[in-house]
Amino acid sequence: MPESVKPARTPAASTQRLKIRRELAAAATELFATKGYEATTVDEIAATAGVARRTFFRHFRSKEEAIFPDHDDTLVRAQAVLEAAPAHEHPLDTVCRGIKEVMKMYAASPKGSVERYKLTREVPALREREIASVARYERLFTRYLLGHFDEAAHRDAGEGTTGFDEPLLAEVAASAVVTAHNHVLRRWLRGGAVGDVEGQLDHAFAIVRRTFGTGFAADRPAAVRSAATETSREGAVLVTVARTDAPLAEIMTSIETALRER
């Protein structure tokens, strides 16, 4: 069965749940850093957070899960971005906006994120848990892109279409978005979580878009299915319509292409 994201809880319940999860995560991070991962027990994590052992297991299945308190809710927010995507937006751009929810999660607590990053580099079990979390985002984005594959657009890009193209391109493109995000995130964390991480992320996404952006189109009429722009001619005037969030380089490329075609 395909993986599904659990529906959002009521705001009050979600807030309380996340508060407890973050308290447990802070306790686990502190104990792992001071006592060591192997020497720390679930009972100690729960006691440090001021909750019962059974409360711990209502929120996490194991101690290695405890330092990743926000991924479940972030996955829900990422799916919400996909579901609310405007009709004109290129699907790959939508996925890029979705993975930005993960960056926001780390940026909300820079110091804690740096500490968690150091722990995941030192403890194999934590690294494996992080990899499992990354895989969940990739599956979510792959399903979304597969649902927006456009065979005609793929052929128009000069690619030979086979029965394997749709799942292959969707998986590769989703993986590229997540890899670009993680590359920027790791570099930012290694640098102490300072600097313009959003600008670096946008630059990385622009590279992914140029490389893997063909073959996908939003579910809309062909007349407005252009990935970035639509042009029309009125005498000697060239009218170009672009998304307000389109990168400047993308807008300039579309204008140059339209001028060559006149």
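The values are calculated or read from the model by the stated rules, or taken from the named source; none is laboratory data. Just so it is clear, the model here is predicted, and its values are computed rather than measured. Cβ: placed from backbone, ideal geometry, glycine included. Neighbour counts: every protein chain shown. Just so you know, the surface numbers come from the protein's heavy atoms only, side chains and all, with ligands and any DNA or RNA stripped out. Shrake-Rupley method; radii C 1.70, N 1.55, O 1.52, S 1.80 Å.
For segment 99-119, the candidate set comprises residues that are buried (at least 17 other Cβ atoms within 10 Å of the Cβ) and free of Cβ contacts under 8 Å to residues at least 40 places away in the same chain; within that set, the residue that is nearest to the chain's Cα centre (by Cα) is E101. Taking the criterion of being at pLDDT 70 or above, open to solvent by less than 70 Å² (accessible area, probe 1.4 Å) and assigned to a loop (DSSP other than H, G, I, E, B), the residues of segment 149-207 that qualify are G191, G192, A193, G195.
Does L31 meet the test of being buried (at least 16 other Cβ atoms within 10 Å of the Cβ), assigned to a helix (DSSP H, G or I) and more than 22 Å from the chain's Cα centre (by Cα)?
Working: buried (at least 16 other Cβ atoms within 10 Å of the Cβ): yes; assigned to a helix (DSSP H, G or I): yes; more than 22 Å from the chain's Cα centre (by Cα): yes.
It is true that L31 is buried (at least 16 other Cβ atoms within 10 Å of the Cβ), assigned to a helix (DSSP H, G or I) and more than 22 Å from the chain's Cα centre (by Cα).
Out of the residues in segment 1-25 that are in a helix (DSSP H, G or I) and of a type in the set (K, R), state the one that is modelled with the lowest pLDDT.
As a first pass, look at segment 1-25 and keep what is in a helix (DSSP H, G or I): 11-25.
Okay, now just the ones that are also of a type in the set (K, R), so 17, 19, 21-22.
Numbers: R17: 85, K19: 89, R21: 91, R22: 89.
Selected residue: R17.
Residues are listed down the side, and each one gets a yes or a no for (1) surrounded by fewer than 20 Cβ atoms within 10 Å (Cβ to Cβ); (2) in contact (Cβ under 8 Å) with a residue 24 or more places away in the chain; (3) under 15 Å from K19 (Cα atoms):
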| position | (1), (2), (3) |
| --- | --- |
| E44 | yes, no, no |
| A49 | no, yes, yes |
| R58 | yes, no, yes |
| A66 | no, yes, yes |
| P69 | no, yes, yes |
| A87 | yes, yes, no |
| T94 | no, yes, no |
| R97 | yes, no, no |
